[in-house]
Amino acid sequence: MSGSITLTFTPNAGQCANPATTSISVTTPTTPAITGVPASICETEAAIPLPTPQGGFTGNWSGQGVTSNNFDPSGLSGSITLTFTPNAGQCANPATTTISVTTPTTPAITGVPASICETEAAIPLPTPQGGFAGNWSGQGVTNNSFDPSGLNGSITLTFTPNAGQCANPATTSITVVLSATPMLGTVTLCQDDGPYVLSNLNDPNFPAGTWSGPGVSGGNFDPAGQNGSVTLTFSPSANCVNTATTVVTVNLPVAPALGTATLCQNDSPLALSTLANPSYPNGTWSGPGVSGGNFDPTGQNGIVTLTFAPSANCTMPATTTVTVNATPSFTALMEPCDPATQTYTVSFTITGGTVPYTVDGTALAGSAFTSPTIPSGTSYSFVIDDANGCGPVTVSGTQDCSCTTDAGTMNFANAPLTFCYQSGGFSVPFNQDSLLDNNDVLQFVLHDSPGAMLGNIIATSNAPVIPTPPGLILGQTYYVSAIAGNDDGSGNVDFADPCFSVSQGIPVVFYLPTVQVGNDTSICASDCYDIPLQFTGAAPFYLGWDSLIQQYFRWKCIYCQSCHGSTLQFCPADFNITSGVVTIEICASVDTNFWGVSIVAVPPLTSPSAPVW
């Protein structure tokens with residue numbers, strides 16, 4: 001009911017009372033209109049006060065999440081009904097409203113790299129994330145930028161959305177990788193070495209990258225024109241790897257300082273190791289008189305230049321000199337007799353060597369010597385020497401003045417004589433001054449003792465032309481003497497003849513011509529190389545060689561007049577060769593006296609780029 005309502009009071013019967021009426025106004029209760037309550041709220045927001053009064057009515061709120069007229073959305077979601085109940089006596093109905101509780105969103109993080117190098121510059125952290133504006137926080141974060149310097153390992157970064165967006169903070173991680181520096185190798189090269197492959201210096205953990213620096217082309221280092229410590233840089237292509245440097249030491253080729261020597265022509269061969277530099281003891285010697293590691297002064301004279309090619313790395317051939325002093329000799333040996341006194345004298349002229357001369361240790365004024373008188377049939381022996389001590393040369397013999405027989409004298413003008421061992425025979429100079437009676441024989445003998453002492457007779461000839469016997473020792477001094485005496489019945493000299501005569505022996509030495517080939521090398525296919533040669537023997541020299549190269553064969557002669565050093569030029573282009581290993585073979589070496597066979601095989605060579613020998 002509503003409006004004015006008449007109410008009647010009727011007394012019970014017997015009370016002598018009339019019914020009475022009154023009116024009451026019935027008011028329809030009001031339902032307050034709810035205001036001030038948001039339509040939605042984020043579940044993570046703080047509790048909010050629910051406004052009261054509502055519609056002019058005081059009262060209180062109730063419903064899920066309501067406490068003391070405050071609404072706490074935590075733990076709720078979806079549409080929540082809230083009831084406002086007016087206080088009693090206000091003729092007002094309870095009123096309801098709904099509030100939507102929204103579950104907050106966690107943004108999906110994008111645009112942040114999974115890893116970063118510790119040495120990289122700071123990077124911006126992208127915002128917004130997932131449509132939400134906000135800000136970043138965490139180690140290394142300043143003003144939404146991440147600086148990895150000083151950090152290492154997994155770093156957690158947090159994106160916090162701005163308030164009022166119903167979004168949760170989101171996290172991501174970024175791995176900070178410490179920078180690595182490659183450990184590069186080092187190398188020492190010679191300035192004349194070929195290009196060096198720089199990958200040999202790489203750290204195996206970081207093989208890929210780019211080299212730069214003086215002498216670098218592509219992946220190679222060319223030491224030509226460089227000297228000392230050369231710094232090279234390697235820039236790795238791997239991520240988070242620092243640029244690294246290394247030092248290549250380039251040395252200039254060293255020519256060893258060699259010793260010198262002074263010898264006599266008749267000295268024993270000199271071990272050339274005594275002239276070598278102790279720092280570079282190994283290598284190959286070449287030059288006149290050199291055989292293996294020895295120098296034989298026989299047949300040499302004056303200043304002789306020798307070459308030493310060290311085998312050590314980064315060295316170059318060096319030269320030194322050996323002074324060879326001539327051995328004194330003699331000519332015009334005379335043994336004239338005085339028939340009246342049955343005595344004789346010995347005279348001769350000393351040649352060669354260096355004045356002043358001595359005879360039996362006594363200095364001689366000039367070069368002519370005449371002995372005191374010697375009784376007939378008495379042996380004599382005189383020892384000749386010179387200022388350099390290049391003797392002794394012994395002049396010995398016996399003159400019997402009662403004998404007519406005299407073997408004569410050899411011509412010592414060019415002594416000692418050298419002969420090619422393979423020449424078949426050799427000729428010695430004889431002065432044609434022998435004296436023979438009717439039954440005498442004149443012969444010539446090759447023997448091994450000096451002076452007029454024969455020692456072991458090795459060969460005999462009826463003329464001063466002697467066939468070369470087998471078994472001679474190259475470089476050893478032998479002697480040829482004229483001998484005369486009665487015919488022993490077989491056409492030979494009778495050594496038992498009381499008037500047997502022997503001339504002073506002229507020294508002779510036998511040799512074989514040789515050629516030594518210089519050290520191996522590497523060249524480009526477009527170049528030519530002058531292969532060093534060293535000859536021993538009597539100039540002029542001839543050389544025959546061939547090369548076995550991809551089925552090619554070539555014979556070539558080299559002629560060298562009055563020299564001991566020459567070159568053999570080899571050009572790969574002559575054979576259409578662009579790469580490979582070539583062997584050069586010396587087939588024969590020839591000097592002016594005869595042929596001497598000496599096979600020399602050059603070791604094959606290799607090189608990083610087109611090796612050709």
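The values are calculated or read from the model by the stated rules, or taken from the named source; none is laboratory data. If you're wondering where the values come from, they're calculated on a predicted model, not measured in any experiment. Every residue, glycine among them, receives a Cβ derived from its backbone with ideal geometry; neighbour counts consider all protein chains shown. Note: accessible area is taken over every heavy atom of the protein model, side chains too, but ligands, DNA and RNA are not part of it. Shrake-Rupley method; radii C 1.70, N 1.55, O 1.52, S 1.80 Å.
At a glance:
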quantity: Some residue of region 481-491 being assigned to a loop (DSSP other than H, G, I, E, B) and surrounded by 13 or more Cβ atoms within 10 Å (Cβ to Cβ); calculated: yes
quantity: Residue selected from region 123-137 under the condition open to solvent by 40 Å² or more (accessible area, probe 1.4 Å) and outside any loop (DSSP other than H, G, I, E, B), by the criterion farthest from P107 (Cα to Cα); calculated: P124
quantity: Condition met for E118 (open to solvent by less than 70 Å² (accessible area, probe 1.4 Å), under 60 Å from the mean Cα position of the chain (by Cα) and acidic (D, E)); calculated: yes
quantity: Selection status of T331, open to solvent by 30 Å² or more (accessible area, probe 1.4 Å), of a type outside the set (K, R) and modelled with pLDDT of 90 or more; calculated: no
quantity: Filter result for the condition that a residue is among the aliphatic types (A, V, I, L, M) and surrounded by fewer than 13 Cβ atoms within 10 Å (Cβ to Cβ), over L178, L201; calculated: L178
quantity: Any strands (runs of 3 or more DSSP E) falling wholly within region 1-58 and containing at least 1 residues that are over 28 Å from P94 (Cα atoms) and either modelled with pLDDT of 90 or more or touching a Ser or Thr at 6+ places or on another chain (Cβ under 6 Å) (or both); calculated: 3-9, 20-26
quantity: Filter pass, S526 being modelled with pLDDT under 75 and of a type in the set (S, T, N, Q); calculated: no
quantity: Yes/no for G228 being among the small types (G, A, S) and either in contact (Cβ under 8 Å) with a residue 40 or more places away in the chain or open to solvent by less than 40 Å² (accessible area, probe 1.4 Å) (or both); calculated: yes
quantity: Filter pass, I350 being more than 57 Å from the chain's Cα centre (by Cα) and surrounded by 17 or more Cβ atoms within 10 Å (Cβ to Cβ); calculated: yes
quantity: One residue from S100, S149, S154 being of a type in the set (G, A, S), loosely packed, with under 13 Cβ neighbours inside 10 Å and outside any loop (DSSP other than H, G, I, E, B); calculated: S154
quantity: Region 70-92: number of residues that are surrounded by fewer than 15 Cβ atoms within 10 Å (Cβ to Cβ), closer than 14 Å to P32 by Cβ and polar (S, T, N, Q); calculated: 1
quantity: Test: residue in region 421-443 that is of a type in the set (F, W, Y), within 24 Å of P297 (Cβ to Cβ) and open to solvent by 50 Å² or more (accessible area, probe 1.4 Å); calculated: yes
quantity: Flag for T246 being touching a strand residue (DSSP E or B) at 6+ places or on another chain (Cβ under 7 Å), among the polar types (S, T, N, Q) and surrounded by fewer than 19 Cβ atoms within 10 Å (Cβ to Cβ); calculated: no
quantity: Any hit, region 183-202, residues being of a type in the set (D, E, K, R), touching a strand residue (DSSP E or B) at 6+ places or on another chain (Cβ under 8 Å) and in contact (Cβ under 8 Å) with a residue 24 or more places away in the chain; calculated: no
quantity: Sole exception among (1) in contact (Cβ under 8 Å) with a residue 60 or more places away in the chain; (2) farther than 30 Å from E120 by Cβ for A244, by number; calculated: (2)
quantity: Region 264-304: number of residues that are open to solvent by less than 20 Å² (accessible area, probe 1.4 Å), touching a residue at least 40 places away in the same chain (Cβ under 8 Å) and within 14 Å of T320 (Cβ to Cβ); calculated: 6
quantity: Pairs, first under 15 Å from L442 (Cα atoms) in region 452-463, second among the aromatic types (F, W, Y), C-beta under 7 Å, six or more apart; calculated: S461/F444; A463/F444
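Residues checked against (1) among the hydroxyl-bearing types (S, T, Y); (2) within 30 Å of S329 (Cα to Cα); (3) over 28 Å from the mean Cα position of the chain (by Cα):
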{"residue": "L252", "(1), (2), (3)": "no, no, no"}
{"residue": "P256", "(1), (2), (3)": "no, no, no"}
{"residue": "A261", "(1), (2), (3)": "no, yes, yes"}
{"residue": "L275", "(1), (2), (3)": "no, yes, no"}
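Conditions (1) out of contact with any Asp or Glu (no Cβ under 9 Å at 6 or more places or on another chain); (2) open to solvent by less than 50 Å² (accessible area, probe 1.4 Å); (3) polar (S, T, N, Q), marked per residue:
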position: Q15; (1), (2), (3): yes, no, yes
position: T22; (1), (2), (3): yes, no, yes
position: G36; (1), (2), (3): yes, no, no
position: I41; (1), (2), (3): yes, yes, no
position: I48; (1), (2), (3): no, yes, no
position: G59; (1), (2), (3): yes, yes, no
position: Q64; (1), (2), (3): yes, no, yes
